[in-house]
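*Asks:* So that we are looking at the same thing, I have put the structure below in structure tokens.
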Amino acid sequence: MLHYLVATNHYKESDILEIKAKYSKMPTYSVDAVFKDEPNVTYNYTLYDGKEWFQLGPSDGEIEGNQDKYKHIDTKRLQGTE
């Protein structure tokens, strides 16, 4: 996840406050990322098809109409909500 955020999304390691992986029912494996400039928001990611990271959270409902509130929404997600 750190590599994805740094290499693909062009964040600096110093931008990231915390990365925590977890095992659950759905999705089986996910990773939570918290950024230093937004410590009260957790961005949730999962590995889609075992090949590509995909941002799941915050939910689309939370984002819709509040895009300015969330600083780290993946551009792939924004393309579907505009």
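The values are calculated or read from the model by the stated rules, or taken from the named source; none is laboratory data. Predicted model, so just to flag it, every value in this text is computed and none were measured. FYI the Cβ positions are ideal-geometry reconstructions off the backbone, even for glycines, and counts take in every protein chain you see. We work out accessible area using only protein heavy atoms, side chains counted, and drop any ligands, DNA or RNA first. Shrake-Rupley method; radii C 1.70, N 1.55, O 1.52, S 1.80 Å.
*Asks:* Take a quick pass over the chain and tell me how many lysine pairs come in under 20 angstrom between Cα atoms, counting only ones 8 or more apart or on separate chains.
*Replies:* 12
*Asks:* Let me spell out the model: positive unit charges on the Cβ of Lys and Arg, negative unit charges on the Cβ of Asp and Glu, origin at the Cα centre of the chain. What dipole size does that give, in debye rounded to 20?
*Replies:* 280 debye
*Asks:* Note down the nm distance, to one decimal, between modelled labels 7 Å out along Cα→Cβ at Y11 and at D49.
*Replies:* Result for the modelled spin labels: 2.4 nm.
*Asks:* Moving on. Limiting things to C-alpha atoms, what are the Rg and the maximum Cα-Cα separation (Dmax) for the chain, in angstroms?
*Replies:* For the chain, the Cα radius of gyration and maximum Cα-Cα distance read 12.3, 31 Å.
*Asks:* Let me ask something else. Can you give the accessible area per residue of the chain, in Å², using a 1.4 Å probe?
*Replies:* Accessible area per residue: 69 Å².
*Asks:* Hey, another quick one. To the nearest 0.05, how large is the calculated FRET efficiency for S24 and D68 if R₀ is 30 Å and r is the Cβ-Cβ distance? Walk me through the intermediate numbers first.
*Replies:* Numbers: r = 30 Å, r/R0 = 1.00.
Computed FRET efficiency for S24 and D68 comes out at 0.50.
*Asks:* Could I ask something else about it? So what is the calculated 222 nm ellipticity per residue for the chain, using -39500 (n - 2.57) for each DSSP H run with n of 4 or more, over all residues, to the nearest 500 deg cm²/dmol?
*Replies:* Working: 2 runs with 11 residues, N = 82.
After summing the helix terms and dividing by residue count, I get -3000 deg cm²/dmol.
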